[in-house]
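Asks: Could you have a look at this structure, given as structure tokens, before my questions?
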Amino acid sequence: MAVKIAKKITGYTVVTPEDKAARQAQADAPQRQDEAPVDNVVHMHEKIERPDVLIGSTYKIKSPLVEHAMYVTINDIVLNPGTEHELRRPFEVFINCKSMEHFQWIVALTRIMSAVFRKGGDVTFLVEEMKAVFDPRGGYFKAGGVYMPSLVAELGCIIEEHLKTIGLLRDPDLSDAQRALIAEKRRAYEAQEGAKKKPDASAAAAPVNTARDEDLAVTGDGTSFPPSATMCHKCSTKAIVIMDGCATCLNCGYSKCG
């Protein structure tokens with residue numbers, strides 16, 4: 001049967017019997033059951049219905065800005081369970097507190113965050129946005145000497161901690177060299193403070209543990225930073241001490257002198 005070519009030929013290839021056999025074998029090959037099509041992978045979006053049971057975690061906030069403790073519950077949904085594409089994503093958040101002083105903005109904040117979680121996509125931006133909220137009355141130091149500029153900022157830290165737990169965020173670990181440098185600075189500071197405080201004869205009978213006394217003097221929670229330390233602008237921890245005339249952080253290793 002003759003075929004009329006109405007367009008100009010720009011190129012051609014010769015199909016060999018081997019090419020025909022390869023194409024036919026590829027078309028006839030059955031799809032493996034363990035290889036699910038990419039189109040079947042479920043991603044987070046607002047049309048996903050809430051299951052009857054969700055897994056989650058509850059975090060406690062004890063802030064001097066509120067009389068009673070606050071309890072933050074974040075529930076997660078598991079997408080594509082039992083497959084290699086299994087994902088755990090935040091689905092909703094609840095905040096419970098006996099104090100009704102902040103009830104309105106707490107309800108509004110939880111509804112907005114839950115809507116953002118259900119929308120899907122990159123929800124990690126909430127962390128930086130919330131941690132950048134400052135209270136005009138001033139912030140506070142939580143246990144461990146970490147400065148919180150506001151109650152909303154501490155909520156952002158809880159969201160950050162939870163996202164790290166489920167794998168959405170990764171905490172940049174310190175390298176071995178950085179850890180060794182911080183340990184060296186800590187030993188140097190303890191030696192410097194020990195040289196300043198020499199026990200006299202009257203106090204020789206009683207054991208002196210200046211490091212632990214200083215630890216308890218900070219927060220009473222076993223913190224290893226001295227009470228005279230100031231806040232580090234890099235890690236927001238009250239761990240800056242003066243060593244050899246230079247401000248040095250005993251938590252992250254930052255030094256004003258480089």
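Asks: Which of rounded, prolate, oblate describes region 93-145, given a ≥ b ≥ c as roots of the alpha-carbon gyration tensor eigenvalues and a/c under 1.5 marking rounded, otherwise prolate only if a/b is larger than b/c? Write out the running numbers ahead of the final one.
Replies: Values: a/c = 2.12, a/b = 1.29, b/c = 1.64.
Oblate, because a/c is 1.5 or more while a/b does not exceed b/c.
Asks: So how much slack lies between Ala191 and Ala22, counting 0.36 nm per residue of separation and subtracting their Cα-Cα distance, in nm?
Replies: Values: separation 169, 0.36 × 169 = 60.84 nm, distance 7.55 nm.
Net length gain for the segment: 53.3 nm.
Asks: Let me ask you something else. When the convex hull of the C-alpha atoms of region 1-156 is computed, what volume per residue in Å³ does it have? Could the numbers behind the result be given before it?
Replies: Numbers: hull volume 44.9 nm³, N = 156.
Convex hull of Cα atoms, per residue: 288 Å³.
Asks: Moving to a separate point now. Taking H as built 1.01 Å from N, whose amide H comes closer than 5 Å to the amide H of Glu92, not counting residues under 5 places away?
Replies: Asn75
Asks: Right, next: Order 157-169, 9-21, 101-113, 42-54 from most to least packed using the mean count of other Cβ atoms within 10 Å. Please list the in-between numbers first.
Replies: On the way: 157-169: 16.9, 9-21: 7.2, 101-113: 13.9, 42-54: 10.5.
The densest-packed peptide leads the list: 157-169, 101-113, 42-54, 9-21.
Asks: Could you list which residues have their amide H under 5 Å from that of Leu169, counting only those 5 or more apart in sequence or on another chain, with H placed in the peptide plane?
Replies: Long-range HN contacts for Leu169: Lys164.
Asks: Next up: Length gain on complete extension for the stretch Lys4 to Asp244, per 0.36 nm per residue less the alpha carbon to alpha carbon distance? Kindly include the intermediate steps, with their values, before the conclusion.
Replies: On the way: separation 240, 0.36 × 240 = 86.40 nm, distance 9.19 nm.
This chain segment gains 77.2 nm when fully extended.
Here, each number is a calculation from the coordinates, and none is a lab measurement. Please read all numbers here as calculations on a predicted model, not as lab measurements. When we count neighbours, we look across all protein chains shown, and the Cβ atoms used for this are built from the backbone with ideal geometry, even at glycine.
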